[in-house]
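This report refers to the structure that appears directly beneath it.
The values are calculated or read from the model by the stated rules, or taken from the named source; none is laboratory data. Being a predicted model, the structure only gives us computed values, none of them experimental. Here the Cβ is made from the backbone with ideal geometry for all residues, glycine too, and neighbour counts use every protein chain on show.
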Number of protein chains: 2
Amino acid sequence: MTEPVNPQSEPEPNVIHQVARYKPVRSWRTWLIGNPLRSADAEHQTVGKAVGLAVFAGDALSSVAYAPQETLVMLAAAGTAAFSYAFPIAIIVTVLLAIVTISYQQTIHAYPGGGGAYTVARDNLGDLPAQSAGASLLVDYVLLAAVAVSSAAAQIVSAYPFLIPYRVPLAIGMVLLIMLANLRGVRESGNAVAIPTYFFLAITFLAVGVGLFRYFTGTLGVVENPPLMQVGAAIQPVTWFILLRTFANGTTALTGIEAVSNGVTAFKEPRTHNAAITLIWMASILAVLYLGITFLLGVIQAVPSEDETVISELGRTVFGDRGLLYLSLIAGTTIILILATNTAYAGFPRLAAIIAQDGFLPRQLTFRGSRLVYSRGIAALGVIASLLVYFFHASVTALIPLWAIGVFLSFTLSQLGMARRWWKIGHLAPGIVIREKGSSLRYERGWQVKLLINGFGALCTAVVTVIFAVAKFRDGAWIIVLLLPALIYLFYAIHRHYLRLRHELSLDRYGRPSQARRHRVVMPISGVHRGTMIALDYASSLSADVTVVHISLDEEETKAVQEKWREWGSGVRLVVIESPYRTFIEPFLEYIDKLYSQRQPNERITIVVPQFVPERWWHNLLHTQTAFWLRFALLFKKGIAITEVPYQVD
Amino acid sequence: MTEPVNPQSEPEPNVIHQVARYKPVRSWRTWLIGNPLRSADAEHQTVGKAVGLAVFAGDALSSVAYAPQETLVMLAAAGTAAFSYAFPIAIIVTVLLAIVTISYQQTIHAYPGGGGAYTVARDNLGDLPAQSAGASLLVDYVLLAAVAVSSAAAQIVSAYPFLIPYRVPLAIGMVLLIMLANLRGVRESGNAVAIPTYFFLAITFLAVGVGLFRYFTGTLGVVENPPLMQVGAAIQPVTWFILLRTFANGTTALTGIEAVSNGVTAFKEPRTHNAAITLIWMASILAVLYLGITFLLGVIQAVPSEDETVISELGRTVFGDRGLLYLSLIAGTTIILILATNTAYAGFPRLAAIIAQDGFLPRQLTFRGSRLVYSRGIAALGVIASLLVYFFHASVTALIPLWAIGVFLSFTLSQLGMARRWWKIGHLAPGIVIREKGSSLRYERGWQVKLLINGFGALCTAVVTVIFAVAKFRDGAWIIVLLLPALIYLFYAIHRHYLRLRHELSLDRYGRPSQARRHRVVMPISGVHRGTMIALDYASSLSADVTVVHISLDEEETKAVQEKWREWGSGVRLVVIESPYRTFIEPFLEYIDKLYSQRQPNERITIVVPQFVPERWWHNLLHTQTAFWLRFALLFKKGIAITEVPYQVD
């Protein structure tokens, strides 16, 4: 209901605006996604280090569910003997993790307002790198969601093998459930996330701890009844190419490491300090778990398979049976993967909204739905991720080659942006401060070291990007190599459109458009009845120059129309167009086209369409929806106004 | 292109109409369904007896492909020993055929203009029986198409058993192909139909003849490797109920017998004479083939099966192998079934158009497409028949119970109408002539005998209708028993709507509606730019009472709009409606609702919507299609005119 103002009240001389406020009505949508929330309800909540770790670590820590497995999968091509390379490669990946972590430490301190790769690249490198980072990140979020639910489904079927045939629907079901939860607007409210995250950490550390203890006491043994390994026909020798591909898969352990630097504002003060500590904790935990799991997998001779995950093999070997501890490990792993999927749902729509705000994506993505979330972005992610899961049969191994290019490209651009920033800072005169949106620039001592650190980080991640693109090109990386430039091109096309539009519609630049002086009205009729008279009355009130057009499909009927028009038409000109091929819309459109092409300057053309409004919706099926089709056909015609004049039986 | 008239020419005082003629442009539809045809191109072709037999016999003769098989299927429940009942039952069916044929002879003579069951019932019995006949016939045509293609598919897989798994797609493919052919507008042009029909007759008579010859010379033997019979668990004794169900299935041999009486106008003069002779020929051929095949099937101990038709079993037993003659028999049978399907495509749309012309079905069904055919009716038949084939797995046995009720109900109504007609004729004073559309009534001697013949025909077919409905009720006849009254109800609902509409819109009855005196214009805006100015200019030209409405989603933006409006708004009243839940359409609609409910008598309300028209279609994706959704939401609102004023960048 609209409050205080009575819209019927006449305009008062000096009042040019009135304010009313709208309250929504409940409907089926309320039941599905909850009551609408006011814009003013958007709240801001800050967290400490312990909860912050839980909030931001889901994505990164969930890597331990698939990174060790995918490392082994690549080595499988060279036979189980090659599995011994897994641990050394994991150590190299851990070193890379350390470099990236140190590099991001600096981002956190420099961007207390939150420094995602898109922001950093935009502020320091310009539009093109920013849009490259944006496109990469959007693609990443989609793949994160697809990979995480696929891995979650794999964990579930490992514990309950009778579900193996339902892996794809299971994964898609999870994507859509999490989508629905996000459309309702799940807040990343600290405690709800902290409990499952710490549960996962506890059970995973227990598994690694017990495993190492049993290894050192010599009671660990190997996997009983390992699953069958799916490999190609012939076992190849261990080549450099295989090792590079293995390393490429291992680098997926680093995905999600940037989350903390994006979310600095969510931390309690001193926020940069808290965020930095949290990042170090997160990286350390990840390193320990990743190395520990990879080491134990080698010891127990785990076999990578689509039917049972190596986490499951590890669990039943370490804990001795498929008992409560084993199930807790699977449950914890599944939960952390679901939290990682949720991260994608939080990140994708927000980033899309930021890019849309900058005018590189459709504006609609900036509108928040009734639950204060970017509903369109959430829905888009849900649909695309579901399709990916469907077409890649929920196989993590098949999805991985598409993924890490975007991740490392955005790392590279982010670090490069930071490096550029230090360079600018190093060349500022003392005392000068440049304020930007999320940070401010002033001269700092020691900028050379910081430049070196971020520069080295950029170099390392750039090398990994190239390695990944080359090593996995044929496995699917080519899709991303083609997709990213296409996306960036699209972003720019959208941007050009908006820029041009704003320019051309500007009143300040061009002033008020010239006013039309002459008004020609055309009205199609199919018969002469009370509805026609209502529309004719309307048409005549618009202009003295009215033409009524009758498309003749049937000679008899046309004669009747002409006769009736003589009686009722008030002398208004009637044009009859014979349509020997019994089409209605086309001849009328052609007539309008001609009229338009011959119009005078400042002439305005309006088409008045009598529109029958039935009492019941199904009555529409009993009438040719000429007005509707005509409107559709004229939608893209320039300079012609269409008026639908309703008439009904009452 | 529009010919002679220049639409720009000013109205001359005494000319109230101008005529132009439209010529169509070629498009992808031209390629798919052919060049458009003019209404004047509709031609009329007449045929002699020999070709007439071919044109009208497809439906009736094709029954021999399934009627003998379905007779055996019902007996199968009582074991193969019960098959001996098939021939006696076939003789009863043949007697029924004779009765119906004699009855229809009289219809042909009485209705030289074509006497379908719908016409005869409408002219003699009134609306309700006519609509019952109409509904029955429409349902029949759909089932004819479904049964005929299902049987055709069964013939094909009998010859090529590797196609057995593809029976359903095969049948649906045929339905759709014949649909496409009919959308192009196949004429039932004599020769094209005559050749395959006579090919079918020749090969079928050959099979029956050779079969009988080998039977009498004792060389026929029985079916080798008969297919497995699909029957229930226990063999039941032969009960009256089983015999009634068998008879019911046998009566499907009569379907299509009415075709000649519908199409009397297609015959060369003396047309009633030629048509009558053709009907007798057709019935005789049908009787001989039906009895001959049923007899031979008993002799060779054929077994009904979904995997091989009895026609196929007969063919390979009579001809000794799966050679050329066998394949010709299968091909001939398949072709006659396809012709029967084509009959459905010819009959359904025409009948639907006649019923629509009488105002009991949507008017759109009377429009002929660019190829002069009733495209909508053809498409409707194709879709419904495909769905039936899909849901009944292309099984003739499953479809049959739905079929014959409608057929015999329309027979009954047709004969009853004829009987009523003779009664009327018998009571006319000599010399008095009553002219009706397709025939004329004048006193005739011997009307009592004719009344007796048609009355007896009506009685027999009525009894068969009841037997069929009861005996097959549980097998699917219940669907039709429920569907027919529902359809008739729907026809009447449609009729009432049209009648009411014509009454209420009548100028002769009510005269010109009162004219509006006051005009209130409302225009929603999202921002103030050149597009808004174009629309404001338009709105102001309609009325002095213009209100501009801005739905406020964002406080900042609203302030900017208010400020700009002060500068550019020409003092037009601006109403701001705050929408804290960020919806746009709902608050605006509520405002309009209030305005409408408070309007003065004779007040007219117009909503002017500024509509951005992009240069390229995909640019639409970059704009919220507010105008479109608004138009959709207001579609069913009474008394409010909507005007879309386009603006574009050029």
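Laid out as a table, the results:
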quantity	calculated
Residues of segment B:580-609 classified as surrounded by fewer than 18 Cβ atoms within 10 Å (Cβ to Cβ) and more than 7 Å from chain A (Cβ to nearest Cβ), total	10
Only one of A:Gln236, A:Gln301 that is touching a helix residue (DSSP H, G or I) at 6+ places or on another chain (Cβ under 8 Å), surrounded by fewer than 19 Cβ atoms within 10 Å (Cβ to Cβ), among the polar types (S, T, N, Q) and closer than 30 Å to A:Phe162 by Cα	A:Gln301
Some residue of segment B:484-493 being within 49 Å of the chain's Cα centre (by Cα), at the interface with another protein chain (Cβ under 8 Å from one of its Cβ atoms), more than 30 Å from B:Arg582 (Cα to Cα) and of a type in the set (Gly, Ala, Ser)	no
Residue count for segment A:111-164, restricted to those that are surrounded by fewer than 24 Cβ atoms within 10 Å (Cβ to Cβ), among the charged types (D, E, K, R) and within 25 Å of A:Asn342 (Cβ to Cβ)	0
3 or more residues touching a helix residue (DSSP H, G or I) at 6+ places or on another chain (Cβ under 9 Å), at pLDDT below 85 and more than 14 Å from chain A (Cβ to nearest Cβ): qualifying helices (runs of 4 or more DSSP H) within segment B:7-113	B:49-61
Tabulated pairs, segment A:67-84, first touching a residue at least 12 places away in the same chain (Cβ under 8 Å) and farther than 16 Å from A:Thr309 by Cβ, second crowded, with 19+ Cβ neighbours inside 10 Å and of a type in the set (Asp, Glu), C-beta under 9 angstrom, 6+ apart or interchain	none
So A:Glu188, is it surrounded by fewer than 21 Cβ atoms within 10 Å (Cβ to Cβ), modelled with pLDDT under 90 and among the acidic types (Asp, Glu)	yes
Members of segment A:530-553 that are in contact (Cβ under 8 Å) with a residue 12 or more places away in the chain and out of contact with any Leu (no Cβ under 9 Å at 6 or more places or on another chain)	A:Ile534, A:Ala535, A:Leu536, A:Tyr538, A:Ala539, A:Ser540, A:Ser543, A:Asp545, A:Ile551, A:Ser552, A:Leu553
Evaluation of A:Ala302 against (1) within 20 Å of the chain's Cα centre (by Cα); (2) outside any helix (DSSP H, G or I); (3) of a type in the set (A, V, I, L, M) (one fails), failing number	(1)
Qualifying residue in segment B:421-431 (condition: out of contact with any helix residue (DSSP H, G or I) (no Cβ under 7 Å at 6 or more places or on another chain), in the same structural domain as B:Tyr166 (by TED's automatic domain parsing) and part of a helix (DSSP H, G or I))	yes
Residue list for segment B:313-360, filter: assigned to a helix (DSSP H, G or I), more than 16 Å from B:Asp59 (Cβ to Cβ) and among the small types (Gly, Ala, Ser)	B:Gly315, B:Ser328, B:Ala331, B:Ala352, B:Ala353, B:Ala356
Residue check for A:Leu361: modelled with pLDDT of 90 or more, under 14 Å from the mean Cα position of the chain (by Cα), within 14 Å of chain B (Cβ to nearest Cβ) and surrounded by 18 or more Cβ atoms within 10 Å (Cβ to Cβ)	yes
Residue match in segment A:494-512 (condition: free of Cβ contacts under 8 Å to residues at least 12 places away in the same chain and in contact with a strand residue (DSSP E or B) (Cβ under 9 Å, 6 or more places away or on another chain))	yes
Subset of segment A:203-221 [out of contact with any helix residue (DSSP H, G or I) (no Cβ under 8 Å at 6 or more places or on another chain) and in a helix (DSSP H, G or I)]	A:Gly209, A:Phe213, A:Phe216
Check on B:Arg167, assigned by TED's automatic domain parsing to the domain that holds B:Phe411, in contact with an Asp or Glu (Cβ under 9 Å, 6 or more places away or on another chain), surrounded by fewer than 24 Cβ atoms within 10 Å (Cβ to Cβ) and not acidic (Asp, Glu)	yes
In segment B:510-540, the residues that are farther than 26 Å from B:Ala560 by Cα, within 9 Å of chain A (Cβ to nearest Cβ) and more than 46 Å from the chain's Cα centre (by Cα)	B:His519
Residue, nearest to B:His550 (Cα to Cα), within segment B:563-592, restricted to residues that are acidic (Asp, Glu) and touching a strand residue (DSSP E or B) at 6+ places or on another chain (Cβ under 6 Å)	B:Glu578
Residues satisfying the stated conditions in segment B:519-534, i.e. among the aliphatic types (A, V, I, L, M) and in contact with an Asp or Glu (Cβ under 9 Å, 6 or more places away or on another chain)	B:Val521, B:Val528
Matching residues in segment B:513-529 - criterion: being in contact (Cβ under 8 Å) with a residue 40 or more places away in the chain and either touching a strand residue (DSSP E or B) at 6+ places or on another chain (Cβ under 7 Å) or of a type in the set (Gly, Ala, Ser) (or both)	B:Ser514, B:Ala516, B:Arg518, B:His519, B:Arg520, B:Val521, B:Val522, B:Met523, B:Pro524, B:Ile525, B:Ser526
Tabulated pairs, segment A:563-579, first facing chain B (nearest Cβ under 7 Å), second among the aromatic types (Phe, Trp, Tyr) and outside any loop (DSSP other than H, G, I, E, B), C-beta under 8 angstrom, 6+ apart or interchain	A:Leu574/A:Trp565; A:Val575/A:Tyr591; A:Ile577/A:Phe588; A:Ile577/A:Tyr591
Matching entry among A:Val389, A:Val373, A:Val383 (being among the aliphatic types (A, V, I, L, M), in a loop (DSSP other than H, G, I, E, B) and assigned by TED's automatic domain parsing to the domain that holds A:Ala181)	A:Val373
Whichever residue in segment B:610-622 is more than 41 Å from the chain's Cα centre (by Cα) and among the hydrophobic types (A, V, I, L, M, F, W, C) and, among such residues, is nearest to the other protein chains (Cβ to nearest Cβ)	B:Leu622
